[in-house]
Structures are given as structure tokens and as C-alpha cells.
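What follows is a set of notes on a single structure, which appears directly below.
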Amino acid sequence: MAGDIQLHRNAFGQLVFIDSEGKDHVNVELVRAFPIAAPLEGISMLDQNGRELVWIPRLDDLSREIRRMLEEELESREFMPEIKRVRSVSGYATPCTWQVGTDRGDAEFVLKAEEDIRRLSTSALLIVDSRGIQFLIRDPRALDQASRRILDCFM
């Protein structure tokens, strides 16, 4: 089914999915099953009532045009910058202000409590700032030594 997806944007920029019976489903929502571990696998397309319309096992199985539309939609709904470098922290007691470099540019945020750094797996970390924005560290071991040293003070 995933290879036969018919999708377009309407005049309002909303995604419209056309099912096998030719019915239009306007403003569909996409949800990743595994947003961190397998972001290109397991995508559910939901109607406005939250009912699943189609399950997409792998984005790679779709045409380039459909995949691009789905990736754009997912990117516009999801905002989880990935921390590439911890430049500095205002102190080692919380709350403290972090200066970081991310895949979306430099950022500054306040870490309210050490509990706001959560281990997602054996390697990945999720940091939630005081405003609820989530920052991902995919692999702390891949950070530079200075960044790892700062992070270690909070773990």
C-alpha cells in the first residue's frame, strides 16, 4: 500500500491523502513510531479524528516526490534540534544556562533540573529545556572532549 500513496497539497498548503476508494482526507497528520531510533521507518498517516489511514513501513519505499512531501511535513511538525557541541554552561548547579551548537544553529536554553536530561537508550540523550523544547544528543561519545566533560558533570 505504501508504494501506491496518492498525496498532494491543497490551496491552503494542507496535505491531502486520497485513499483507494478515491476519498480525499484533508490535513492528514503524520506520526513517527520510532522518531529517534528509526526516523525513516514506521510512519502512520492519521485523519483529523486520529484514525490511521495508512501505515508506511519505510519512507525509502516511496517515490521521491511523495517522500519529499512527507519529510517536509514531518520536519515542520517536529522540532528537536540535535546538539553537536556544548559550548558552555553558566554553572554546574541547576537551574543553569547552556550555550550549545545544534544542527539548526547555535542555541541557548535553561536547564531547570538534572532530571531534565533523560537517557533514551544506551547512547542517546534527550534534554528538555525550561520552555519544554527538546534537544537530542544522539551519541554523547561523538561529542568533542570539552562537551563530554561538561555533560558528564550532569550525568
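Scanning segment 6-26 for residues that are surrounded by 14 or more Cβ atoms within 10 Å (Cβ to Cβ) and under 23 Å from the mean Cα position of the chain (by Cα) turns up Leu7, Leu15, Val16, Phe17.
Quick one: would you say Leu143 is in contact with a strand residue (DSSP E or B) (Cβ under 7 Å, 6 or more places away or on another chain), within 14 Å of Met80 (Cα to Cα) and among the aliphatic types (A, V, I, L, M)? Judged against the criteria, Leu143 is not a match. For the subset of segment 30-43 comprising residues that are at pLDDT 90 or above and not aliphatic (A, V, I, L, M), which member is surrounded by the most Cβ atoms within 10 Å (Cβ to Cβ)? Taking the candidates together, the pick is Gly42.
In the set (1) under 21 Å from the mean Cα position of the chain (by Cα); (2) in a loop (DSSP other than H, G, I, E, B), the condition left unmet by Phe109 is number (2).
If the condition is being at pLDDT below 90 and under 15 Å from Glu73 (Cα atoms), then segment 16-26 contributes no residue at all.
Of all residue pairs spaced 6 or more apart or on separate chains, those with beta-carbon atoms under 7 Å, a first member in segment 89-115 that is free of Cβ contacts under 8 Å to residues at least 12 places away in the same chain and a second member that is of a type in the set (Ser, Thr, Tyr) and not in a loop (DSSP other than H, G, I, E, B) are Ser90/Thr97; Glu108/Thr97. Of the listed requirements (1) outside any strand (DSSP E or B); (2) within 25 Å of Val31 (Cα to Cα); (3) without any contact (Cβ under 8 Å) to a residue 12 or more places away in the chain, Arg118 misses just one: (1).
Of the residues making up segment 83-95, those that are surrounded by fewer than 16 Cβ atoms within 10 Å (Cβ to Cβ) and assigned to a strand (DSSP E or B) are Arg85, Arg87, Ser88. Of all the listed residues (Leu70, Leu126, Leu136, Leu74), the sole one being under 30 Å from Leu7 (Cβ atoms), modelled with pLDDT under 95 and either in contact with a Ser or Thr (Cβ under 6 Å, 6 or more places away or on another chain) or in a strand (DSSP E or B) (or both) is Leu136.
Can you confirm whether segment 56-78 contains a residue that is at negative phi, in the same structural domain as Ser20 (by TED's automatic domain parsing), free of Cβ contacts under 8 Å to residues at least 40 places away in the same chain and aliphatic (A, V, I, L, M)? Looking for residues that are at negative phi, in the same structural domain as Ser20 (by TED's automatic domain parsing), free of Cβ contacts under 8 Å to residues at least 40 places away in the same chain and aliphatic (A, V, I, L, M), one finds at least one in segment 56-78, hence yes.
The values are calculated or read from the model by the stated rules, or taken from the named source; none is laboratory data. None of the values given here were measured: they were computed from a predicted structure. When we count neighbours, we look across all protein chains shown, and the Cβ atoms used for this are built from the backbone with ideal geometry, even at glycine.
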